[in-house]
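See below for the structure under consideration.
The values are calculated or read from the model by the stated rules, or taken from the named source; none is laboratory data. Because the structure is a prediction, the values reported are computed rather than measured. Quick reminder, even Gly has a Cβ in these numbers, built from the backbone with ideal geometry, and neighbours come from all protein chains shown. Just the protein is used for accessible areas: all its heavy atoms, side chains included, with ligands, DNA and RNA removed. Shrake-Rupley method; radii C 1.70, N 1.55, O 1.52, S 1.80 Å.
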Amino acid sequence: MERLYDWKSGIKKDELEETIKVLKNDGLVLVPTETVYGIGANAFSDIACKKIYEAKHRAQDNPLIVHVSDYEMLKRVANVSNEIEQKLIEAFMPGPFTLILEKRKEICDTASAGLSTIGVRMPSNSIIHEIIKESQIPIAAPSANVSGRPSGTNVADIMKELEDKMDVMIDGGDCPIGIESTVVKVIDGIPTILRPGFVTEDDIQDAIGCVKLSNQLFKTVSKDEKVESPGMKYRHYAPKTKCVLVLAGDDQIDKVNALLLENQGACVLGFEEDRDKINITSDRYIEIGSKQNLITVSQHLFSSLRKIDEIDNCPLAIVEGVEKKDLGLSIMNRLIRACEHNTI
Ligand code: TXA
Ligand code: MG
């Protein structure tokens, strides 16, 4: 039985020491971050990082993000090659932001999936920060989910899927952002968003003066196609139940109600303010948050997607979309993939 540490009201010193021992011995640690939980391992160790791929059933060519505690450690794992990278680090670290940099040889090739670059993130969550700082071990950590499934944002959800794979699980409560970090790479001198997150296009524009969205963000990419980020190729976030995404607009609620008439037993993943306008019983309505306050939607996004599969005899999940701008763009990036591009 793995160890479950409850640090919701604070880090416990003896358990912190145990956690560091596990990392030093190439074990796997479930760690909270401000975005989503991660399956963490020593980023210097091939043996440890291989265990992450096994636990997640992750494709071997999909690299991990390396988490560091401060700028000094960042410089140990990667090279900062230009002024724009430097400015991005100053503007967005620590925080929900990952920068693709030139990898240094200290980081094992398993973590980078053999690439010469590595994603580096400096989380602001105090638990993972303390573990990295105390151990002086950079932590390689992908989101805590079996590949293809929604990312884990609370320990109860993660236990159902990964309990027997971890050596230590740390419960730091629900993740306050709920969707993964913004992944950026500087390409031809322009910060290019490879995965949208809480740090938005506007935030980067304001800090740097230029920004680009990868044109592969909302496309279906085939397994053999060349992509800017390996994660774009894979099926992601999808519940087992078939899902349809109803795009935002004046007719959104009418469309949801029409789909409900055509599909008996369907469930709805919708906003709290729309609950009374949608003709459905409460046991089939999954509230995802308020569209007036999008952080409540990102917070509940993955746990709501997981609830879909728990509803009995449900042939279809009808999912309400948001406007594709600011944090809404990042939310839609996840929802479109969860619905496997099935939109209406
Ligand atoms: O918020 C987050 O970023 C969370 C928490 C745990 O920090 N981590 C996370 O990791 O979402 P993961 O492995 O689920 O997603 C990492 C993404 C993948 O899409 C991967 O392809 C991309 O980052 N990535 C990693 N290294 C890369 C590289 N060198 N070049 C391009 N993309 C890279
Ligand atoms: Mg992931």
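Looking across 144, 113, one residue alone is buried (at least 24 other Cβ atoms within 10 Å of the Cβ), within 20 Å of residue 52 (Cα to Cα) and touching a residue at least 24 places away in the same chain (Cβ under 8 Å). It is 144. Considering region 152-187, and only residues there that are assigned to a loop (DSSP other than H, G, I, E, B) and of a type in the set (Asp, Glu), the residue that is farthest from residue 288 (Cα to Cα) turns out to be 167.
For region 229-237, the count of residues that are in contact (Cβ under 8 Å) with a residue 12 or more places away in the chain and either assigned by TED's automatic domain parsing to the domain that holds residue 99 or away from ligand 1 (no atom under 16 Å from the Cβ) (or both) is zero.
Of the residues making up region 18-64, those that are more than 13 Å from ligand 1 (Cβ to nearest atom), surrounded by 19 or more Cβ atoms within 10 Å (Cβ to Cβ) and of a type in the set (S, T, N, Q) number 3.
Which ones in region 238-256 are under 26 Å from residue 325 (Cα atoms) and either within 16 Å of ligand 1 (Cβ to nearest atom) or open to solvent by 30 Å² or more (accessible area, probe 1.4 Å) (or both)? Within region 238-256, 238, 242, 247, 248, 249, 250, 251, 253, 254, 255 meet the criteria.
This table checks each residue for (1) of a type in the set (Asp, Glu); (2) modelled with pLDDT of 95 or more.
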{"position": "194", "(1), (2)": "no, yes"}
{"position": "199", "(1), (2)": "no, yes"}
{"position": "203", "(1), (2)": "yes, yes"}
{"position": "216", "(1), (2)": "no, no"}
{"position": "221", "(1), (2)": "no, no"}
{"position": "226", "(1), (2)": "no, no"}
{"position": "242", "(1), (2)": "no, yes"}
{"position": "259", "(1), (2)": "no, yes"}
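Exactly one residue among 253, 177 is hydrophobic (A, V, I, L, M, F, W, C), more than 13 Å from ligand 2 (Cβ to nearest atom) and not assigned by TED's automatic domain parsing to the domain that holds residue 48, and that residue is 253. As an exercise: evaluate residue 132 against (1) open to solvent by less than 10 Å² (accessible area, probe 1.4 Å); (2) among the aliphatic types (A, V, I, L, M); (3) in a strand (DSSP E or B) and give the number of the one condition it does not meet. Only one criterion is unmet by residue 132, namely (3). On the basis of being within 16 Å of ligand 2 (Cβ to nearest atom) and not in a loop (DSSP other than H, G, I, E, B), does residue 232 make the cut? Yes, satisfied. All of (1) closer than 20 Å to residue 154 by Cα; (2) not in a loop (DSSP other than H, G, I, E, B) hold for residue 21 with one exception: (1). Quick one: is residue 222 crowded, with 16+ Cβ neighbours inside 10 Å and closer than 25 Å to residue 116 by Cα? No, not satisfied. Answer yes or no: is there a residue in region 73-88 that is closer than 26 Å to residue 327 by Cα, open to solvent by less than 10 Å² (accessible area, probe 1.4 Å), part of a helix (DSSP H, G or I) and modelled with pLDDT of 95 or more. Yes. Against the conditions (1) within 16 Å of ligand 1 (Cβ to nearest atom); (2) closer than 19 Å to residue 101 by Cα; (3) among the hydrophobic types (A, V, I, L, M, F, W, C), residue 218 satisfies every one except (2).
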